[in-house]
1. Pull up region 40-51, narrow it to residues that are of a type in the set (A, V, I, L, M, F, W, C) and surrounded by 16 or more Cβ atoms within 10 Å (Cβ to Cβ), then point me to the one that is farthest from the chain's Cα centre (by Cα).
2. Among all residue pairs at least 6 apart or on different chains, which show Cβ distances below 6 Å where the first residue, located in region 55-81, is of a type in the set (Lys, Arg) and the second is at pLDDT 75 or above?
3. Is one or more of the residues making up region 71-83 open to solvent by 40 Å² or more (accessible area, probe 1.4 Å) and among the aliphatic types (A, V, I, L, M)?
4. In region 1-27, what count of residues is obtained for those that are outside any helix (DSSP H, G or I) and either touching a residue at least 60 places away in the same chain (Cβ under 8 Å) or open to solvent by 80 Å² or more (accessible area, probe 1.4 Å) (or both)?
Amino acid sequence: MLHRIVRVYATIGIVVPMLGVATAVNLGVLGDLWILTSIALTVVAAVILTAVVLPAQRLTMAAIDGTGTGVDVATRLTRRLGTSTGIFNLLWVVVVVLMIFRPGSTTGV
């Protein structure tokens with residue numbers, strides 16, 4: 001079930017950067033360093049989600065269900081999954097902090 005939720009989250013999550021870029025264009029801050037950094041971190045987070053987290057979830061589920069290669073593999077995959085999801089979440093925290101504090105922004109607080 002968690003895997004399905006993450007897949008839906010990944011699909012819906014495409015809208016967030018598009019709205020962010022549209023808002024940045026509207027405010028005239030698309031060239032600001034904090035926006036460019038946020039965009040870059042969002043892209044990295046998206047790559048981690050689609051290239052690491054989702055496949056690791058599928059492999060872990062297969063290993064746990066017995067269709068994979070065993071419990072030892074499931075344990076290693078779970079550790080890898082925990083690490084990658086932690087990095088993904090940390091990237092989003094940094095993006096949120098940048099969006100709230102907007103360092104160097106001239107648009108006001």
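1. Leu41
2. What qualifies is Arg80/Ala56.
3. yes
4. 2
The values are calculated or read from the model by the stated rules, or taken from the named source; none is laboratory data. Please read all numbers here as calculations on a predicted model, not as lab measurements. Every residue, glycine as well, gets a Cβ built from its backbone with ideal geometry; the counts of neighbours run over all protein chains shown. Areas reflect the complete protein model, heavy atoms only, side chains present, ligands, DNA and RNA absent. Shrake-Rupley method; radii C 1.70, N 1.55, O 1.52, S 1.80 Å.
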